[in-house]
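Working notes, structure below.
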Amino acid sequence: MTRPQKQTKQIHLAAHFPGVNNTTVWSDPRAGSHIEFSSFVHFARTAERAKFDFLFLAEGLRLREQGGHIYDLDVVGRPDTFTVLAALAAVTDRIGLTGTINSTFNEPYEVARQFATLDHLSGGRSAWNVVTSWDAFTGENFRRGGFLPQEERYSRAKEFLATAHELFDSWRGDEIVADQTGGTFLGDPEAGAFAHHGEHFDIHGRFNVPRSPQGRPVIFQAGDSEEGREFAAAEADAIFSRHGTLEAGQAFYRDVKSRLPKYGRRPEDLLILPAATFALADTDAEAEELAREVRRRQVSGATALRHLEFVWNRDLSAYDPDGPLPDIDPDVDSDHLARGRAQVRMYRDPLATAREWRELAEANNWSIRDLVIHTGNRQNFVGSPSTIAKTLNEYVQADASDGFILVPHLTPGGLDEFADKVVPLLQEEGVFRTDYEGTTLRDHLGLRSPVTAVQP
Amino acid sequence: MTATPASPLHLAVALDGTGWHPASWREPVARPRELFTAGYWADLVAEAEHGLLDFVTIEDGLGPQSSHFLDPDDRTDQVRGRLDAVLTAARIAPLTRHIGLVPTVVATHTEPFHLSKAIATLDYVSGGRAGLRVQISARPNEAAHFGRRTVPRITAYDSPDTADFVAGLFDEAADYVEVVRRLWDSWEDDAEIRDVATGRFIDRDKLHYIDFEGRHFSVKGPSITPRPPQGQPLVTALAHDTVPYRLVARQADVGYVTPHDTGHARAILAEIRAEQEAAGRADQPLHVFADLVVFLDEEPGAAAARKERLDTLAGEPYTSDALVFTGTPSELADLLQEFGGTGLTGFRLRPAVLGHDLPAVTRGLVPELQRRGAFRRAYEAGTLRGLLGLARPANRYAHAV
């Protein structure tokens, strides 16, 4: 296949704070707190030292459960996204601050205030990963309960974002004159006026945060469904995707970028940034060994059984994780055992998956734990610093992505080695910045400033 | 854990825009163009910490400021617009070490689940210096910003309908604080076990559903954020009447009140103590602070002259729910000590012009009180509860089986 001659792309890199799932290895003696601010400071400063584009925080609004109990095998608990990002703005200078904020159990006026405030307090470094949720399970923590039918989650998200944009744009940026002698503080008595009458939101009045340095936060989208892709093509500045392999990444990249023209957008207006895990060591052989070791730590015997339950939908705690797979079939009739997780929706045909896994396990002589390790996600990038630098660059130049959101398995030091050893190689190659050129996250990502809807 | 001995008087400062006088932004020291920058707020809190104050509160609201009590206005000659107070406090937390940070939160339109984890996180990022000041919103225009409930326009303040409506908002605020507090306790302190042998990160028996069911909302829990360093961050509220006094008595660690003289202060205190007894909290520490607006100058008469000049700029004499003091630091110290004799344990001072009256508090009033042995000479505790002589409370769920 020949490609038309094109310019070498610059790689975008971001740092995902280790999450509340089994990618994060808490059992390592070096693993630190997931809550203490010092962990966030270490992580953010490492990413900033390496000139990363941004830091990324995920969020979940109800602790996961399995079999009617709070799931206790992974890291549990996290701080409030906005609050920790605002505090990080005090100990960093340039790095972008991306927060995952739910459009189902929040209201536009409050979220717009929070993002506009974060943008002011960080000098233009805020970004919003817009996610949706419909489950009544999460709703039990909120005033309205599970009020939103599943099929309306994207329509609410879209209208939520559109409404937030109306609020951000309700200030042009030139209203505060603060003329101390003349006595005029506000040059426009209508500053902040808005009215939105829609299906999900019917609100009007005055927004009370003046226009922030970026005007609007940078918008991320993370869903992978047809609706999610279309939403991203229409509205987002970047996609946090899951397609970490070369071929799947290229297919996704082509698909999403081809949707842009109909919204009057250019390819560079939407960045594709997949999550990427990695195992980095001095040599490729050592990295392979490390990758295996980390996988075993990520999947303890207890974790293996719980993961098998996602498919079997039965309590499998009586089984030996080092023994063979259950010979009974999955329960496809009952409500799902696991709540508050996205993974369970991946197994559309549990009976077929179970059959396939039994065959795999038999053919390879795998125990339950071996099977879960082998069928689970391997690290996206495994190798020496030069191998990883080379592969990352190849992916980006081959249009599998515009960069990566790195997900280390250790808190808070999981990025240290990457920053020290891989980043310099990318810089030598001329595909990653050696210093920040601008001050805002839009500057780092090469995004245009948003057009203000309200014209003076 | 034993409580740290409290200092004789506690002092907080209420931060709002460029100060509490509507013309304060026109003073040369005011920095009105910097109101929406982190540096502005960081400097104010650094000044307050320099004066060894117990804490700062940060005003907030879910709509623009207004010269009317319940309705918006379209004035352009006063400060309009403000940043979210919780995030402002979080932005300042890493830059300070001792002073408490108490942002305002509006219970009426927000989610107690979100707010509980936000204040817990403020407590983490500040190392145990977080609190909140809970407020209701009875403004129809703010309700319209959310579109989720209708707030009637109050015309007659003394009508029974108005009284019922306002009492309902305060009851909801009490439920809100109850949920926030339960969520703070929903993780026991030692819930995170990291037991490699069994593969368990937490002991889930030490996490608790709060199962709150009230008239306005139900919240299941547990929080997504572990119990904050102080266990229970500080809960505070401003109160002018019986209904809010009841909220203070039921749910607060610090109440702010607005007495106009010592007799009034005694009457308010008696009412709050009676409500506290009725709520079964008589044995629990509850600070009651008086709010005062302050114009402070060393030179006799200068503060009153300054107020007059600002009133002229504003076009009307400044009035407040709180007592408005003009005078010297030494006269203010006299007044505070006199009020202190009524049983008030501290004061929340509202500087008329932050750029002028905040340094007058920290560099004039504080040394004066120190000379009289009425204020601390160094921070004596590492947490906000500690500064106020409040012990770290036991977890309400710790003995649940």
- request: Treat every Asp and Glu Cβ in chain A as -1 and every Lys and Arg Cβ as +1, leave all other atoms uncharged, and give the resulting dipole magnitude about the Cα centre to the nearest 20 debye.
  value: 680 debye
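Let me have the 222 nm mean residue ellipticity of the protein assembly as shown computed from DSSP H runs of 4+ only, each contributing -39500 (n - 2.57), with the sum over all residues rounded to the nearest 500.
The per-residue figure over the protein assembly as shown is -10500 deg cm²/dmol.
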- line: the range B:278-346: spread of alpha-carbon positions along the three principal axes, whole Å, largest first, is 49, 26, 12
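Considering every residue in A:115-128, what mean count of other chain Cβ atoms within 10 Å of its Cβ is obtained? Walk me through the numbers on the way to the answer.
Numbers: counts 2, 5, 10, 5, 1, 9, 13, 3, 3, 0, 0, 0, 0, 0.
For this peptide, the per-residue mean of nearby foreign Cβ atoms is 4.
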statement: Carbon plus sulfur, as percent of the 1.4 Å-probe accessible area of chain A, comes to 47 percent
statement: In nm², the average projected area of the convex hull spanned by the Cα atoms of the range A:300-375 is 4.7 nm²
query: What is the spin-label model distance, in nm, from A:Asp327 to B:Asp158 if the labels are put 7 Å beyond Cα along the C-beta direction?
result: 8.6 nm
task: Answer with one residue from B:Leu358, B:Tyr209, B:Ala191: the one whose Cα lies farthest towards the positive end of the charge dipole of chain B, charges on Cβ with Lys, Arg +1 and Asp, Glu -1.
output: B:Ala191
task: DSSP loop (so not H, G, I, E, B), at most 11 other Cβ within 10 Å: list which GluC sites (Glu not before Pro) in the range A:376-456 pass both filters.
output: A:Glu437
task: Just need the relative contact order of the range A:228-366 here, percent rounded to a whole number, with Cα pairs under 8 Å and 6+ apart.
output: 17 percent
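Using the beta-carbon distance between A:Ala302 and A:Tyr347 and R0 = 22 Å, what value does 1/(1 + (r/R0)^6) give for FRET efficiency, to the nearest 0.05?
On the way: r = 20 Å, r/R0 = 0.91.
So, using R0 = 22 Å, E works out to roughly 0.65.
For peptide B:123-132, compute the average count of partner chain beta-carbon atoms within 10 Å of each residue's beta-carbon. Display every interim value, and only then the final one.
On the way: counts 2, 11, 14, 2, 3, 0, 0, 1, 0, 0.
Partner-chain Cβ atoms within 10 Å, mean over residues of B:123-132: 3.
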task: Would you look at the GNM of chain B, springs on alpha carbons closer than 10 Å, and say which of B:Asp195, B:Asp74, B:Asp123 moves the most?
output: B:Asp195
task: At q = 0.08, 0.10, 0.13 Å⁻¹, what is the base-10 log of I(q)/I(0) for chain B according to the Debye formula with one equal point scatterer per Cα and no solvent? Please give it to two decimals.
output: -0.42, -0.67, -1.15
statement: Convex hull around the C-alpha positions of the range A:396-456: the volume in Å³ per residue is 165 Å³
- request: Enumerate by residue number the trypsin sites (Lys or Arg not before Pro) in the range B:330-391 meeting two conditions: DSSP loop (anything except H, G, I, E, B), and at most 11 other Cβ atoms within 10 Å of the site's Cβ.
  value: B:Arg377
field: Share, in percent, of DSSP beta bridges within chain A that are antiparallel, nearest 5
entry: 25 percent
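Compute the normalised compactness of the range B:290-394: alpha-carbon radius of gyration over 2.2 N^0.38 Å, N being the residue count. Present the calculation step by step, with values, prior to reporting the outcome.
On the way: Rg = 15.5 Å, N = 105, 2.2 N^0.38 = 12.9 Å.
For the range B:290-394, the normalised Cα radius of gyration is 1.20.
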field: Residue-span extension gain [B:Asp283 to B:Ala305] - 0.36 nm each, minus C-alpha spacing
entry: 3.3 nm
query: Any idea how far apart A:Ala195 and B:Asp74 come out in nm if each label point goes 7 Å out from Cα toward Cβ?
result: 1.3 nm
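B:Arg377 to A:Ala363: FRET efficiency via 1/(1 + (r/R0)^6), r the Cβ-Cβ distance, R0 60 Å, to the nearest 0.05? Please list the in-between numbers first.
On the way: r = 77 Å, r/R0 = 1.28.
Efficiency at R0 = 60 Å is approximately 0.20.
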Bins of 5 Å from zero: percent of alpha-carbon pairs in the range B:218-306: 3, 12, 18, 16, 13, 12, 10, 8, 5, 2, 1, 0
message: If you fit an axis through the alpha-carbon atoms of helix A:153-168 and take the longest principal axis of the Cα set of chain A, what angle between them do you get, 0 to 90°, nearest 10?
response: 30 degrees
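Once you keep just the Cα pairs under 8 angstrom separated by 6 or more residues, what percentage relative contact order results for chain B? Numbers along the way, then the final one.
On the way: 767 pairs, mean separation 95.3, N = 401.
Answer for chain B is 24 percent.
What percent do you get for the relative contact order of chain A when only Cα pairs under 8 Å and 6+ apart count? Kindly include the intermediate steps, with their values, before the conclusion.
Values: 813 pairs, mean separation 107.6, N = 456.
Answer for chain A is 24 percent.
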message: Using only alpha-carbon positions, what ratio does the radius of gyration of chain A give when scaled by 2.2 N^0.38 Å?
response: 1.03
query: Tilt of helix B:302-314 relative to the longest C-alpha principal axis of chain B, in degrees (0 to 90, nearest 10)?
result: 80 degrees
Counting DSSP beta bridges with both ends in the protein assembly as shown, the antiparallel % (nearest 5): 20 percent
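In the range B:122-221, what trypsin sites (Lys or Arg not before Pro) fall in a loop by DSSP, with at most 11 other Cβ atoms inside 10 Å?
Numbers: sites: B:Arg129, B:Arg133, B:Arg148, B:Arg149, B:Arg153, B:Arg181, B:Arg182, B:Arg194, B:Arg200, B:Arg204, B:Lys206, B:Arg215, B:Lys220; in loops: B:Arg129, B:Arg148, B:Arg149, B:Arg153, B:Arg215, B:Lys220.
Counting only loop positions with at most 11 other Cβ atoms within 10 Å, the trypsin sites (Lys or Arg not before Pro) in the range B:122-221 are B:Arg149, B:Arg153, B:Arg215.
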- line: The Cα extents of the protein assembly as shown along the principal axes, largest first and rounded to whole Å, are 91, 63, 50
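Expressed in nm², what is the orientationally averaged projection area of the convex hull enclosing the Cα positions of the range A:1-104? Please report the intermediate quantities before stating the final value.
On the way: hull surface 44.4 nm².
Result: 11.1 nm².
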- request: Could you tell me how many degrees, from 0 to 90 and to the nearest 10, lie between the Cα long axis of helix B:242-251 and the main elongation axis, the longest principal axis, of the Cα atoms of chain B?
  value: 40 degrees
field: Point-charge dipole on Cβ atoms (K/R +1, D/E -1) for the range A:300-375, about Cα centre, debye to 20
entry: 400 debye
task: For chain B, set up a Gaussian network in which alpha carbons nearer than 10 Å are linked by springs, and say which option among B:Ala239, B:Ala303, B:Ala278 fluctuates the most.
output: B:Ala278
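Could you tell me which of the pairs A:Lys262/A:Lys390; A:Lys158/A:Lys257; A:Lys421/B:Lys206; A:Lys6/A:Lys51; A:Lys257/A:Lys390 are separated by over 31 angstrom between their Cα atoms in the structure shown? If you can, show how the numbers build up before the last one.
Details: A:Lys262/A:Lys390 34 Å; A:Lys158/A:Lys257 19 Å; A:Lys421/B:Lys206 42 Å; A:Lys6/A:Lys51 25 Å; A:Lys257/A:Lys390 24 Å.
From the list (A:Lys262/A:Lys390; A:Lys158/A:Lys257; A:Lys421/B:Lys206; A:Lys6/A:Lys51; A:Lys257/A:Lys390), the Cα-Cα distance tops 31 Å for A:Lys262/A:Lys390; A:Lys421/B:Lys206.
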task: Have a look at the range A:169-201 and report residues whose accessible surface goes down by 30 Å² or more when the remaining protein chains are included, against the chain on its own, probe 1.4 Å, ligands and DNA/RNA excluded.
output: A:Ile176, A:Ala178, A:Gln180, A:Gly183, A:Phe185, A:Leu186, A:Pro189
message: So if I take the centroid of the Cα atoms in the range A:116-138 and the same for the range B:381-401, what is the distance between those two points in Å?
response: 32 Å
- prompt: So if we plug the beta-carbon distance of A:Asp179 and B:Ala197 into 1/(1 + (r/R0)^6) with R0 = 56 Å, what FRET efficiency do we get, rounded to 0.05?
  reply: 0.25
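The values are calculated or read from the model by the stated rules, or taken from the named source; none is laboratory data. Everything quoted here is computed from the prediction, not taken from an experiment. Neighbour counts run over all protein chains shown; Cβ positions are idealised from the backbone, glycine included. Accessible surface is based on the protein model in full, side chains and every heavy atom, while ligands, DNA and RNA are left aside. Shrake-Rupley method; radii C 1.70, N 1.55, O 1.52, S 1.80 Å.
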